[in-house]
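Participant: This is the structure, below, for whatever I ask next.
The values are calculated or read from the model by the stated rules, or taken from the named source; none is laboratory data. Here the structure is a predicted model, which means the values were calculated and not measured. Glycine also receives a Cβ, built like all others from the backbone with ideal geometry; neighbour counts cover every protein chain displayed.
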Amino acid sequence: MSKPTKEDASLLIQIMAMMKLDKDYQKAEIWITLEPKIKSYEDFKAKYPMGSEGYRYFLNLAGYAELVGTLINHELLSEDLVFDLYGNMLWDKAEPIVHGMRNETGRPRLFENFEVCAMKYPIWVEKHPPKL
């Protein structure tokens, strides 16, 4: 993808503003930061059954990550800006949950853009060593 543009920056700022104004997102951001990594979808469901606060928080976060991933994967938003700011967007915590949800719902494409971005991230890291 080409060098990030002011349009990319503007779009990312709009998305960030949308997330920060979303009260559920604010709570979800704190929740995912404090939540230890869940090792399996079964563990997630036992701790956070459908309809629970944790379940809603996860869907909120994964939904925003899917939005950003979709824009990146269609080259409508610079992956450089997103990866520099968010890293892998917490895919390491989301992966077992997403894979379990896909299997349970029979929706193999659920949050696929989120996952594709997570797969791109290590390649990006190789090309962009730490600044300090």
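Participant: Taking the stretch 75-95 only, how many residues are within 23 Å of Phe58 (Cβ to Cβ) and not aromatic (Phe, Trp, Tyr)?
Facilitator: 11
Participant: Oh, and also: Within the stretch 6-46, restricting attention to residues that are assigned to a helix (DSSP H, G or I) and among the acidic types (Asp, Glu), which residue is nearest to Leu85 (Cα to Cα)?
Facilitator: Looking at the filtered set, the residue picked out is Asp8.
Participant: Could you please give the count of residues in the stretch 47-59 that are over 16 Å from the mean Cα position of the chain (by Cα) and either surrounded by fewer than 11 Cβ atoms within 10 Å (Cβ to Cβ) or not in a loop (DSSP other than H, G, I, E, B) (or both)?
Facilitator: 5
Participant: Another question, if that's okay. Of all residues in the stretch 19-46, count the ones that are surrounded by 11 or more Cβ atoms within 10 Å (Cβ to Cβ), touching a residue at least 12 places away in the same chain (Cβ under 8 Å) and under 18 Å from the mean Cα position of the chain (by Cα).
Facilitator: The qualifying residues number 15.
Participant: Based on what the data block shows, is Asn88 at pLDDT below 95 and under 11 Å from the mean Cα position of the chain (by Cα)? So that I can check it myself, show each step before the final result.
Facilitator: Values: at pLDDT below 95: yes; under 11 Å from the mean Cα position of the chain (by Cα): yes.
In short, yes.
Participant: Quick test for you: out of Lys120, Lys127, pick the one residue that is loosely packed, with under 11 Cβ neighbours inside 10 Å and within 20 Å of Ser2 (Cβ to Cβ). If you could, list the steps in order and put the result at the bottom.
Facilitator: Working: Lys120 fails: loosely packed, with under 11 Cβ neighbours inside 10 Å.
Answer to the selection: Lys127.
Participant: Take Leu71 and decide whether it is touching an Asp or Glu at 6+ places or on another chain (Cβ under 8 Å), buried (at least 19 other Cβ atoms within 10 Å of the Cβ) and touching a residue at least 60 places away in the same chain (Cβ under 8 Å).
Facilitator: Numbers: touching an Asp or Glu at 6+ places or on another chain (Cβ under 8 Å): no; buried (at least 19 other Cβ atoms within 10 Å of the Cβ): yes; touching a residue at least 60 places away in the same chain (Cβ under 8 Å): yes.
Criteria not met by Leu71.
Participant: From the set of residues in the stretch 36-53 that are of a type outside the set (S, T, N, Q), touching a helix residue (DSSP H, G or I) at 6+ places or on another chain (Cβ under 7 Å) and under 26 Å from Tyr121 (Cα atoms), which is modelled with the lowest pLDDT?
Facilitator: Looking at residues that are of a type outside the set (S, T, N, Q), touching a helix residue (DSSP H, G or I) at 6+ places or on another chain (Cβ under 7 Å) and under 26 Å from Tyr121 (Cα atoms), I get Lys37.
Participant: For the stretch 74-132, which positions are part of a loop (DSSP other than H, G, I, E, B) and within 17 Å of Ile32 (Cβ to Cβ)?
Facilitator: Of everything in the stretch 74-132, those that are part of a loop (DSSP other than H, G, I, E, B) and within 17 Å of Ile32 (Cβ to Cβ) turn out to be Gly87, Asn88, Met89, Leu90, Phe111.
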